[in-house]
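The values are calculated or read from the model by the stated rules, or taken from the named source; none is laboratory data. These numbers come from a predicted model, not from an experiment. Positions of Cβ are backbone-derived with ideal geometry, glycine not excepted, and every protein chain shown enters the neighbour counts. Just the protein is used for accessible areas: all its heavy atoms, side chains included, with ligands, DNA and RNA removed. Shrake-Rupley method; radii C 1.70, N 1.55, O 1.52, S 1.80 Å.
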Amino acid sequence: MTDLLDHPDAIALLRHAPQTTAFNKLRKRLNRLTREAIDTYGMQQDGQPAKPEKWLVCLSGGKDSWAMLGILMDLKAQGLLQADLLACNLDQGQPGFPSSTIPDFLNQHGITHRIEYRDTYSVVTEKVPAGKTYCSLCSRLRRGNLYRIAREEGCTSVVLGHHREDALETFLLNLFHGGTLAAMPPKLLNDEGDLTVLRPLALCAEDDLAKYAAALSFPIIPCDLCGSQDGLQRQAMKQLLDEWERKSPGRKETIFRALSHVKPGHMLDPALFDFSGLDPRN
């Protein structure tokens, strides 16, 4: 991998990266896995697309979205990502949210961005009954605003910072509570069909992203809306996965690999496999 100092576009963000073997290995691994996801799931067009790609990089202020921004800027600086990047933070009006933290950091590092204020917090707290979790409604409102912003900015894709553990937790939630085998697609088309939603960190481990974000001293902002509520089913899935990983190291990777190696004929869904068409006489 080329030295960071050879890339003026990335140096502002990565200038203070630790010059250690451990960080270099971490950076290489995350860059490689992100490139693999981009290539495997066709996140960027080959060759010279008729319309230049522009990605709305959604920045919540959490460790995952900060790490995503750093990795994508690093890849772009190396010529490994052709899309233009626009960082975007949606300030949802949560009480106590440090609204200047993200724009100050982005301005300090010369990163092109848009900050949008929409008080979805009041809507969520008004509509969701006491004791219920806010995540579902909060997510829908946030996604709708991000789609709007992407259109206004001429972006072709909305880019989210979901990682390997997010996909695993979603898989277990659907398995245990939804009665379906479904995870979190690395690429999808929105309902209107005019934007793609991308998750380039789909193959990256959460622990690696946390180490990366800490090494680059990103200003992490925790979510105090849903993250502070007890008894979330997703938290239960996270704890279950962590317990499995503790008892059997590598278990997460094995389960994740299974999501990419599906055998339809060994499942029970006739919509995926023509069981009725199996006939030894043919």
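The table below lists the values:
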{"quantity": "Inter-label distance for N24 and R148, nm, one decimal - labels placed 7 Å from Cα along Cα-to-Cβ", "calculated": "4.8 nm"}
{"quantity": "Selection from A210, P264, L160 lying farthest towards where the dipole of the stretch 144-282 points positive, charges on Cβ", "calculated": "P264"}
{"quantity": "Whole-number D in µm² s⁻¹ for the stretch 58-203, Kirkwood Cα-pair radius fed into Stokes-Einstein, 25 °C, 0.890 mPa s", "calculated": "147 µm²/s"}
{"quantity": "Accessible surface, the chain, averaged per residue in Å² (probe 1.4 Å)", "calculated": "54 Å²"}
{"quantity": "Computed E for S276/T180 - FRET, C-beta separation, R0 35 angstrom, nearest 0.05", "calculated": "0.95"}
{"quantity": "Surface/4 estimate of mean projected area, convex hull on alpha-carbon atoms of the stretch 180-282, nm²", "calculated": "11.7 nm²"}
{"quantity": "Under-5 Å amide H pairs with L195, H placed in peptide plane, nonlocal only", "calculated": "N190"}
{"quantity": "Fraction of antiparallel bridges per DSSP, the chain only, in percent to nearest 5", "calculated": "15 percent"}
{"quantity": "Lysines whose Cα lies under 22 Å from that of K28, excluding same-chain neighbours fewer than 8 positions away", "calculated": "K63, K76, K211, K252"}
{"quantity": "Full-extension gain in nm, L240 to K263, via 0.36 nm per residue minus C-alpha separation", "calculated": "5.8 nm"}
{"quantity": "Descending semi-axes in Å of the chain, equivalent ellipsoid built from Cα gyration tensor", "calculated": "31, 25, 21"}
